[in-house]
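A quick write-up on the structure given underneath.
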Amino acid sequence: MSAPTINYTPQGESLRRFHESDAYCRVVVGPLGSGKTHAMIVEMLLQIVNQVPDANKVRRSRILVVRNSWPELATTVIADFNAIIGVTGLGELKQTAPAQWNANFPLGDGTTVDAQVLFMGFDGQDDQRKARGMQLSGVWLNEAAELSKANIDLIMSRVGRYPSRAAVTDAKRFVIMDSNACARDSWLARLCLDEKPDSWDVFLQPGAVRRVNGKWQVDPEAENLRNLRADYYQNQLAGKTDQWIRRNLANEFVHTFDGQPVHPDFRESGHVREVEIDPGLPLLVGLDFGRTPAAVFGQKLPSGRWIITHELVTENMSAVRFGPLLMEKIAGCEELNNCYSTRITGDPAGEQHAQTRDETVFEVLETVGVYAEPASTNDFGVRTNSLDRLLTQMIEGEPAFAVHPRCKTLIRGLAGDYHFRRLKVAGDDRYESKPNKNFSSHVVESCHYMLLGSDGDLLSLAAEWEEANEYFEESWALPDRYFE
């Protein structure tokens with residue numbers, strides 16, 4: 001029996017790079033219908049026929065294929081595997097426990113393939129016993145985001161044990177995963193986006209759809225379009241929620257909340273960028289008050305683009321304590337401290353006198369050296385529109401609004417944690433008219449006030465810094481230019 005012949009072409013640049021990578025663990029995240037499963041099956045076969053032969057010229061492999069449940073494994077993965085590999089006539093797929101495919105066939109170079117592929121469902125952490133004692137060459141984790149991280153850790157610990165090192169000193173070993181985009185706070189999102197191990201390669205396929213003028217449309221850059229019906233994605237859009245579309249079709253890692261985002265046009269994949277402060281431009285700061293005061297720090301670039309580079313988020317803190325913390329943040333960060341001038345804009349509600357104090361919040365801040373101005377308005381519609389209009393704009397090929405990845409609370413809020421809560425009523429989805437106040441809402445509203453504060457002339461701080469000279473010299477030793 002000759003080696004298998006399968007006609008296959010990677011349906012997109014992401015899948016091509018996936019096959020070319022030699023990383024120990026490779027992850028493909030893509031929308032529905034993007035060709036991930038086909039690519040994984042072909043990659044397993046490539047690993048099998050390219051395994052390093054032993055002294056007897058036998059290429060031995062044992063691979064485990066995992067999904068979160070047996071019914072889904074049987075109706076999707078095994079069916080697809082049989083459709084692709086089964087037609088070659090190589091090996092035999094047995095519906096045993098576990099199901100397995102066994103093959104033994106010669107290659108043209110005089111070596112022989114001896115391969116076994118096992119199929120198992122892992123529903124929960126109790127299933128770890130299935131993997132104990134297994135000796136594997138590789139593993140394919142299908143729909144990895146649905147699997148328990150504890151199960152995955154144990155399964156991966158069994159990879160690289162077959163064939164034994166005594167039999168083949170440099171045998172190939174691999175882990176491949178595929179998944180749709182998942183919740184932003186899941187283990188898979190964290191490892192793909194924030195804490196990627198050095199031995200991992202992550203391939204994010206283009207979204208199948210994108211938002212154009214507020215409406216979802218098929219993205220012509222999507223992968224695997226040639227193998228789908230022309231109306232496939234258009235039909236998938238029908239009747240789906242925005243959050244479902246973003247995860248399953250637009251390939252976005254989204255924060256999952258039971259509500260309607262205040263800023264639905266924010267896209268972490270597009271608006272989160274490695275942006276830097278320009279010391280030649282003024283530093284702009286936005287403040288929100290209350291018992292959870294927050295601040296954002298950014299700039300408006302000459303092109304008209306807005307960048308947010310830092311955030312300050314607190315909990316259960318008075319203005320008296322928050323003021324010094326704010327100035328310490330600026331003084332202690334070289335990037336922020338290098339700007340030649342600063343404008344601080346806060347919630348106009350800070351001009352009101354508290355029941356327990358004679359001073360307003362702005363006056364309290366001034367006593368500790370923070371000289372801020374109230375925004376022109378705190379009207380909710382005006383505030384949110386100031387940001388919404390930027391989220392849908394591009395300037396010189398870049399998003400008109402960009403946030404540095406370090407601003408995690410702001411990103412979480414913009415991604416949906418700052419939302420209108422769903423009402424528990426029968427019929428169509430209905431939501432409260434005011435946003436849900438939570439930990440991330442304050443930093444988002446700080447961003448609103450910063451944007452509103454950009455319209456006037458930049459505030460000169462010379463006189464104010466002169467008055468605070470002694471205070472700052474003793475506390476933080478700010479550069480001399482602050483006291484000129």
Determine if the range 307-321 includes at least one residue that is under 30 Å from GLU13 (Cβ atoms) and either in contact with a strand residue (DSSP E or B) (Cβ under 7 Å, 6 or more places away or on another chain) or among the aromatic types (Phe, Trp, Tyr) (or both).
yes
So TYR8 ticks every box in (1) over 32 Å from the mean Cα position of the chain (by Cα); (2) under 29 Å from GLY108 (Cα atoms); (3) modelled with pLDDT under 90 but one. Which box is left unticked?
(1)
State yes or no: is PHE257 in a loop (DSSP other than H, G, I, E, B) and either under 25 Å from LYS434 (Cα atoms) or more than 26 Å from the chain's Cα centre (by Cα) (or both)?
yes
Quick one: LEU281 ticks every box in (1) in contact with an Asp or Glu (Cβ under 6 Å, 6 or more places away or on another chain); (2) within 21 Å of GLN393 (Cβ to Cβ) bar one, so which box is it?
(1)
Test: LEU281 is in contact with a Cys (Cβ under 9 Å, 6 or more places away or on another chain) and farther than 30 Å from GLU359 by Cα
yes
Which residues, taken from the range 72-130, are out of contact with any Lys or Arg (no Cβ under 9 Å at 6 or more places or on another chain), free of Cβ contacts under 8 Å to residues at least 12 places away in the same chain and of a type in the set (Asp, Glu)?
GLU92, ASP126
Filtering the range 229-268 down to residues that are among the hydrophobic types (A, V, I, L, M, F, W, C), closer than 15 Å to ARG210 by Cα and exposed (fewer than 15 other Cβ atoms within 10 Å of the Cβ) yields ALA238, TRP244
Can you find a residue that is in contact with a Lys or Arg (Cβ under 7 Å, 6 or more places away or on another chain) and within 20 Å of LEU284 (Cβ to Cβ) anywhere in the range 344-361?
no
Only one residue in GLU274, GLU268 is under 30 Å from ASN385 (Cα atoms) and modelled with pLDDT of 90 or more. Which one?
GLU274
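Residues checked against (1) more than 19 Å from SER446 (Cα to Cα); (2) assigned to a helix (DSSP H, G or I):
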site	(1), (2)
GLU223	yes, no
ASN235	yes, yes
ILE245	yes, yes
PRO264	no, no
GLY270	yes, yes
LEU284	no, no
For the condition within 14 Å of the chain's Cα centre (by Cα) and at pLDDT 90 or above, what is the one hit in ALA250, ALA208, ALA222?
ALA250
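Please tell me if THR377 is of a type in the set (Ser, Thr, Tyr) and part of a strand (DSSP E or B).
In short, no.
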Would you check which residues across the range 306-349 are among the basic types (Lys, Arg) and either loosely packed, with under 15 Cβ neighbours inside 10 Å or part of a helix (DSSP H, G or I) (or both) and list them?
ARG321, LYS329
Tally the residues that are touching a strand residue (DSSP E or B) at 6+ places or on another chain (Cβ under 6 Å) and farther than 16 Å from TRP244 by Cβ, restricting the search to the range 176-187.
3
ILE176 passes all but one of (1) under 30 Å from ASP114 (Cα atoms); (2) open to solvent by less than 20 Å² (accessible area, probe 1.4 Å); (3) in contact with a helix residue (DSSP H, G or I) (Cβ under 9 Å, 6 or more places away or on another chain); (4) assigned to a loop (DSSP other than H, G, I, E, B); which number fails?
(4)
Quick check on the range 125-173: of everything there that is among the basic types (Lys, Arg) and closer than 28 Å to ARG17 by Cα, which residue is least open to solvent (accessible area, probe 1.4 Å)?
ARG158
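The rows are residues; the columns are (1) farther than 21 Å from ARG161 by Cα; (2) under 33 Å from the mean Cα position of the chain (by Cα).
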position	(1), (2)
ALA23	no, yes
LEU64	no, yes
PRO71	yes, yes
ALA83	yes, no
GLY91	yes, no
ASN104	no, no
LEU107	yes, no
THR112	no, no
Collect the residues in the range 183-196 that are surrounded by fewer than 21 Cβ atoms within 10 Å (Cβ to Cβ) and touching a helix residue (DSSP H, G or I) at 6+ places or on another chain (Cβ under 7 Å), keeping them in residue-number order.
ALA183, SER186, TRP187
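The values are calculated or read from the model by the stated rules, or taken from the named source; none is laboratory data. Bear in mind the structure is a predicted one, so any value in this text is a computation, not a measurement. Cβ atoms come from the backbone with ideal geometry, glycine included; neighbour counts cover every protein chain shown. Calculation scope for accessible area: heavy atoms of the full protein, side chains included, ligands and nucleic acids excluded. Shrake-Rupley method; radii C 1.70, N 1.55, O 1.52, S 1.80 Å.
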